[in-house]
C-alpha cells in the first residue's frame, strides 16, 4: 500500500510521499532465500553431509538456536546432530556450511541438552548455552569463543544454578547484547514467571513484577532486548506480546500486552533502522515471518506475513515450537537490513528488508507531472 499527499501551487509543486517497505528473498542464500532441511549445497565444507543429507539442518527437532555475527556477517547454528561438531558457521550470504567452531575436548558437558541456544555480541564474541530443566538443581552453562577462529574458553563463561521459586527451566529462549566485558544475556523462564539476566559476574532472576505481572512462562519461547538493555520483550505461543523493563531483580508490570497477528508467533528479535524500531517474529507453525513497525510500542503496525510456506506448502512439523529469528546487517544509509529465520525442521530463510527513503515516491511523481506538463 502506498500513501501519497501532493499539493500543487501556482509557484511550483510540493509533494510529500511515503511508500510501503519491502521484504524480499535473499536470492544468493540457498535456493532463492531458503536453505531447506537436509539439502546439501555445493559450497558446503567437506564432511558436513553423509552423502545424502546435510547433517545439521534436519527434521528431528535438533536445531533450535541460531544467531548472527555482526563482525563476519555469518550465522552461528547450534545442532545436536549425532554427526557431532554441531556448532556450525553458516555463510550469511550463500547459506553454505563453513565448518564448526573449535570445541576443545571435554569442556561442553551437562544440562538437559548440552547445547541449545546461541548469542553473538557486537564485537563478535560467541556464546552458546545449554538447556537446563531446573536451574534450582542444575547449572545453566554458557560457553564462550572470542571469535569464529578461536578455541572455546577452557572454562564456561557462566556455570551456576539460578534460584527461582518453583521449577525454572531455562535455555529455550535467549538474547544477547553488549560487547567486550559488558555482554549481557537474557533467558526466558519456563514454568515460572519472568526471565534471568546473565553476565560474566553472575545472574539475576527477574521474577517479581509490579502489577499487572506477566503470567508464568510468557518469555519462554521468545525473548529480546528492545530499545535498550533494560527493556525485555517476550512471547509464547497463543499469548500476547509482553513488554517489560527491569532494574536489578525487580521488573515493571506489563507496559503493553497486545496480540500480534498470529498465535504461533514466538521467536523474535528487535532492531532499529534509521531511528525506527522494528520487531520481527516467526510463526513456529508454518515458518512465516512477521515484521512490525514499533514507532509506537503500544500500537505495533503489522507490515508483513511472509515465508517459504506461502508458496511451498506445509513442511515438517515443529512440535516443540522452537527456532530463532535474527536481524542481520543494518544499512542505516539505505534504510535496509537482512533478516534470518530458522523454525526447527523447516530450514533457514534469508530476506532483505527495505524501507523506502522518505520522499522517493514523491520525487518520482513530481518528475512525472512535470514531464506531462511539458507534453501539453
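What follows draws every value from the coordinates through simple rules; no lab data is involved. What you are looking at is a predicted structure, and each value in this text was computed from that prediction instead of being measured. Note that we place each Cβ from the backbone using ideal geometry, even for glycine, and neighbour counts take in every protein chain shown.
Adding -39500 (n - 2.57) for every DSSP H run of four residues or longer, then dividing by how many residues the chain holds, sets the calculated 222 nm ellipticity at -1500 deg cm²/dmol.
For residue 53 and residue 295, FRET efficiency with R0 = 56 Å and r from the beta-carbon atoms, rounded to 0.05?
On the way: r = 44 Å, r/R0 = 0.78.
Given R0 = 56 Å and the Cβ-Cβ separation, E is 0.80.
Ranked for footprinting exposure by Cβ neighbours inside 10 Å, fewest first, 174, 98 give 98, 174. Computed from Cα atoms alone, the Kirkwood hydrodynamic radius reported for the chain is 21.5 Å. For 52, 237, the sequence from fewest to most other C-beta atoms within 10 Å is 52, 237. Against the chain, whose longest principal axis is taken from its Cα atoms, helix 360-375 shows a tilt of about 20°. The label-point distance for residue 105 and residue 240, in a model that sets each label 7 Å from Cα toward Cβ, rounds to 5.5 nm. Out of every Cα-Cα pair in segment 101-259, what percent are more than 21 Å apart? In whole percent, the long-distance tail amounts to 41.
Rank by packing, highest mean first: peptides 34-45, 221-232, with packing defined as the count of other Cβ atoms within 10 Å averaged across residues. Don't jump to the answer; show the numbers that get you there.
Working: 34-45: 16.8, 221-232: 20.5.
Peptide ranking by packing, descending: 221-232, 34-45.
Note: relative contact order over the chain, using C-alpha pairs below 8 Å and six or more positions apart, is 15 percent.
Can you give the FRET efficiency to the nearest 0.05 for residue 259 and residue 177, using r as the Cβ-Cβ distance and R₀ = 30 Å?
Details: r = 26 Å, r/R0 = 0.88.
For residue 259 and residue 177, the calculated efficiency is 0.70.
Give the percent of DSSP beta bridges with both residues in the chain that are antiparallel, rounded to the nearest 5.
Numbers: 99 of 103 bridges.
Roughly 95 percent of the beta bridges in the chain run antiparallel, per DSSP.
Measuring spread by the Cα atoms of segment 211-355 yields a radius of gyration and Dmax of 14.8, 46 Å. In this simple spin-label model, placing a label point 7 Å from the Cα along the Cα-to-Cβ direction at both residue 154 and residue 40 gives a separation of 4.0 nm. Each residue, residue 123 and residue 147, gets one label point 7 Å from its Cα in the Cβ direction; the gap between the two is 1.2 nm.
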